[in-house]
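Notes to accompany the following structure.
What follows is calculated from the coordinates using simple rules that are stated; it is not laboratory data. Worth saying up front: this structure is predicted, and the values here are computed from it rather than measured. Virtual Cβ from ideal backbone geometry, glycine too; neighbours counted across all protein chains shown.
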Amino acid sequence: MNEVRLGILHLTDLHAGQPKHDIEYPTMRTAFRADLERCHTDSGPWDIIIFSGDLSFSGNKRQFEEVEKFVNDVQSKLRTLGSRDAVFLAVPGNHDLQWASAIASDAVVLGKLANMPEEEADPLWSEIFHNHTSSYRQTIDTMFKEYSDW
């Protein structure tokens, strides 16, 4: 039997744009690149990069520009280590949306959805997933606009 190898690099919680990020990031970047090189020696190259949750600090456009720089930096570093471009998958987290745009009553309901009794939550989930013109769905789309645009 032939062995198939799939290399996966998982990154999470960059929080680009958080307070003091501009001050601390240069030091973190140097240490991260060194860690990336060590990990690449031990387990690379990677075919897939999964970047899960809290890429940004509060979901604004400037922060996603910083995320883009970070992703490009990672991919550039991996190329210098001899890796080909990996498939990049991003999964947003709670910091990757703009809560300030979510003042509407729909946002309040959405914030409570996970803790609602099933009989109350199921119709709302159905509306969100099946009715793309739903006010709930539009609120979600608005909150994640910068992530979606990125």
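A few notes on this one:
- Divided by 2.2 N^0.38 Å, where N counts the residues, the Cα radius of gyration of the chain comes to 1.28.
- Neighbour count of at most 16 Cβ within 10 Å plus DSSP loop: longest trypsin sites (Lys or Arg not before Pro)-free window in the chain: 85-150
- Using θ = phi - 60° in the Karplus curve 6.51 cos²θ - 1.76 cosθ + 1.60, the 3J(HN,Hα) couplings for the range 41-58 round to 5, 7, 9, x, x, 10, 8, 9, 10, 9, 10, 10, x, 6, 5, 10, 8, 9 Hz; x is entered for Gly and Pro.
- Dimensions of the range 8-96 from C-alpha coordinates, computed as largest minus smallest value along each principal axis and given longest first, are 33, 26, 17 Å.
- The alpha carbon centroids of the range 88-150 and the range 45-73 are separated by 21 Å.
- Expected 222 nm ellipticity per residue - DSSP helices of 4 or more, -39500 (n - 2.57), all of the chain, to 500: -16500 deg cm²/dmol
- Residue (of A86, P26, V108) at the positive-pole extreme of the chain, dipole from beta-carbon charges: P26
- The Rg/Rh ratio of the range 97-150, with both radii computed over alpha carbons and Rh defined as the Kirkwood radius, is 0.98.
- Here the dipole of the range 99-149 is about 180 debye; that uses its Cα centre as origin and unit charges on the Cβ of Lys and Arg (positive) and Asp and Glu (negative).
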